[in-house]
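Every number in this text was worked out from the coordinates using simple rules, so none of it is lab data. Everything numeric here is computed off the predicted structure, so don't read it as measured data. As a convention, Cβ positions derive from the backbone with ideal geometry for all residues, glycine included, and neighbour counts pool all protein chains shown.
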Amino acid sequence: MAFKDPPVSFSVSLPAGISVFQRDWLSANNVFLHNAEQTVLIDSGYSTHADMTLGLLGQALRGRKLDLLVNTHLHSDHCGGNAAIQLAHPEVKTLIPPGQFHEVSQWNSDALTYGMTGQQCPPFQVSGHLLDKQTCTWAGTNWQVYAAPGHDTHAMMFFCPEHRILISGDALWEKGFGVIFPELDGVDAYCDAADTLDLIEQLSPSLVIPGHGNLFSDLDSALSFARSRLASFRTHPDKHARYASKVLVKFKLQEHGSIKLTPFADWAQTVPYLTGLHQQLGPGSSFREWFEQLLGELSQSGAMDMQGELLINRP
């Protein structure tokens, strides 16, 4: 099977030695760094897309081996392809953020949130961890590592001063940012997310490579949108909770492509984050009633189609 880069037209050119495989909202974007001495992949996508990730990577490597695999954070859509890459490239070294090194080494899927979200992530091995404010030389270019809590407590971003490029993970997209997951655990993380946005402003990148969506250079507009959204979530926490509910449901629907209502509702009722969100947002209704209301809102927004009992994802 031949794999091709997704049909992407970047508004700005990337420096030599930096390539981006822009994916969808199930698999995070992959960043491929390379020179004559080293090859590096940042983030590996979701597990069900592992074959495509390997195909894209294989085309980029052109027969070379992958030397280093790095993760911005350990959500399943960013590291779900790690195991497959390690199997295909047994000599690859893998670096992750420091906060969950023990959980990965012992493979605690609940602590790593995979059980909490109802998502898949095959176990993988780690070689070491990153450090906040360290400088790493990857494929001949220096990248500064920064802690980026908010979306994920342990998330990190990578900034290249030479080219003023920021790999932001899910801390900042062109339009918004990822769910502030610590808030779902009752941990105040809105302040962390705001501090990370401030850090991005201080770094002042000329180009941002986000975890999902388009590369962008209009930093002011992206920060303004993100701060407005964050302020709305802080003022109205239920908005964030409802957003998180829809993200979790939409993610799983993307994984299936299509699924019948009853098995989907049965799955949802086994997901701790979703049952907790139901208790917060719909205590006066049954879980099934609340879940079907979410599906109705996703359908009205164009995120999915409902054909009787069959639910169909829409890109």
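For Ser27, the residues 5 or more places off, or on other chains, whose built amide H falls under 5 Å of its own are Tyr46. Diffusion coefficient of the chain by Stokes-Einstein, Kirkwood radius over Cα pairs, 10 °C, 1.306 mPa s: 79 µm²/s. Placing unit charges on the Cβ atoms of the charged side chains and taking the dipole of the chain about its Cα centre, the candidate lying farthest along the positive direction among Leu26, His75, Leu54 is Leu54.
Bridge orientation summary for segment 18-235: considering DSSP beta bridges with both residues in this region, about 65 percent are antiparallel.
The order of the peptides 160-173, 215-228 by mean Cβ neighbours within 10 Å, most packed first, is 160-173, 215-228.
Taking one quarter of the surface of the C-alpha convex hull of segment 197-315 gives a mean projected area of 8.6 nm². Rounded, prolate or oblate for segment 83-201? Axes are the square roots of the Cα gyration tensor eigenvalues, ordered a ≥ b ≥ c, and the cut-off for rounded is a/c under 1.5. It is oblate, given that a/c is not under 1.5 and a/b is not larger than b/c. The GNM of the chain, with springs linking C-alpha atoms under 10 angstrom apart, assigns the highest mean-square fluctuation among Val187, Val20, Val70 to Val187. Amide H to amide H, with H built 1.01 Å from N, Ile209 comes under 5 Å of Leu166, Ile167, Ser168, counting only residues 5 or more places away or on other chains.
The protection proxy used here, the mean number of other Cβ atoms lying within 10 Å of each residue, ranks peptides 100-113, 46-59 as follows, highest first: 46-59, 100-113.
Evaluating 6.51 cos²θ - 1.76 cosθ + 1.60 at θ = phi - 60° for every residue in segment 121-127, the Karplus couplings come out as 7, x, x, 9, 9, 10, 9 Hz, glycine and proline recorded as x.
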